[in-house]
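As structure tokens, the structure follows; a few thoughts come after it.
The values are calculated or read from the model by the stated rules, or taken from the named source; none is laboratory data. Values in this document were obtained by computation on a predicted structure and should not be read as measured data. Cβ sites come from the backbone with ideal geometry, for glycine too, and all protein chains shown count toward neighbours.
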Amino acid sequence: MNQKLTMALAAALVLGTQALAQNKTAFQILASKKITTSDKAMNATSGGKVGADKKSLSFASKNVKLVVRTGPDNDMMSYRIQGLRNPTLYVKPGSTLHITFANTDEDMFHNVRFGANKPPFQTPLTDAGSVGSDKLPHTKEEKVFGQVMTIKAPTKLGTYSYFCTVKGHAPAGMWGTIIVH
Ligand SMILES: [Cu+2]
């Protein structure tokens, strides 16, 4: 084998290994669809087991249902999941997350993204390296804009985040932790 070919093969091997390593720590989006929903529908439970401190939700099954809405008027820079504020989510490696997200805010755009980003979140925070919803418009009369997504959690154990990439939102508190354990 000539030297050029050997080097090209070695480079390909390195790239392949990196891609594999990235996949293990990355969330992957499998499906996504925009919906319109109602404020009331977004109070549905996610079916997680609430932690003793009421700050976490644990999911034993690898099929995780998450209903994620934005915070109320007096706490707009936050999420609510199963009534909890920015709860820490405990999921199994490689879980399939069936997420319904809706922006129930009356005057701001929001999204929810999942990634390896960690606080403090830099401004501007981009969508690069994370998956999740588009920036969804605020409610219009009774109409609530949402997105239904199927997202695969990383297979590598670790601490990841969910957050809003609208400028200034994550640094202001619009984020939570998701732990793959
Ligand atoms: Cu936001």
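When segment 172-181 is filtered for residues that are outside any strand (DSSP E or B) and buried (at least 17 other Cβ atoms within 10 Å of the Cβ), the ones remaining, listed by number, are Gly173, Met174. The number of residues in segment 127-164 that are among the hydroxyl-bearing types (Ser, Thr, Tyr), more than 16 Å from the ligand (Cβ to nearest atom) and not in a loop (DSSP other than H, G, I, E, B) comes to 3. Among residues of segment 165-181 being within 9 Å of the ligand (Cβ to nearest atom) and touching a residue at least 60 places away in the same chain (Cβ under 8 Å), the one that is nearest to Phe101 (Cα to Cα) is Met174.
Out of Ser133, Ser161, I need the residue that is small (Gly, Ala, Ser) and buried (at least 23 other Cβ atoms within 10 Å of the Cβ). Which one? Talk me through it step by step, then tell me what you get.
On the way: Ser161 fails: buried (at least 23 other Cβ atoms within 10 Å of the Cβ).
None of the other options fit; the residue is Ser133.
Return the pair list, or none, for Cβ contacts closer than 6 Å from residues in segment 93-117 that are at pLDDT 95 or above and among the basic types (Lys, Arg) to residues that are within 14 Å of the ligand (Cβ to nearest atom) and assigned to a loop (DSSP other than H, G, I, E, B), at least 6 apart or on different chains. Listed pairs, sorted by first residue: Arg113/Thr165.
Scanning segment 119-130 for residues that are under 23 Å from Gly146 (Cβ atoms) and either loosely packed, with under 11 Cβ neighbours inside 10 Å or free of Cβ contacts under 8 Å to residues at least 40 places away in the same chain (or both) turns up Thr126, Asp127.
Restricting attention to segment 96-118, the residues that are under 14 Å from the mean Cα position of the chain (by Cα) and either surrounded by fewer than 17 Cβ atoms within 10 Å (Cβ to Cβ) or away from the ligand (no atom under 14 Å from the Cβ) (or both) add up to 10. I'd like to verify a number: residues in segment 66-84 that are within 15 Å of the chain's Cα centre (by Cα) and touching a residue at least 24 places away in the same chain (Cβ under 8 Å), how many? Looking only at that region, the number is 8.
Counting only residues that are aliphatic (A, V, I, L, M) and either farther than 21 Å from Lys118 by Cα or surrounded by fewer than 19 Cβ atoms within 10 Å (Cβ to Cβ) (or both), which one in segment 34-65 is nearest to the chain's Cα centre (by Cα)?
Applying the first criterion (aliphatic (A, V, I, L, M)) to segment 34-65 yields 35, 41-42, 44, 50, 52, 57, 60, 64.
Subsequent filtering for residues that are either farther than 21 Å from Lys118 by Cα or surrounded by fewer than 19 Cβ atoms within 10 Å (Cβ to Cβ) (or both) retains 35, 41-42, 44, 50, 52, 60, 64.
Details: Ile35: 17, Ala41: 20, Met42: 17, Ala44: 18, Val50: 19, Ala52: 23, Ala60: 18, Val64: 13 Å.
Ranking the candidates gives Val64 first.
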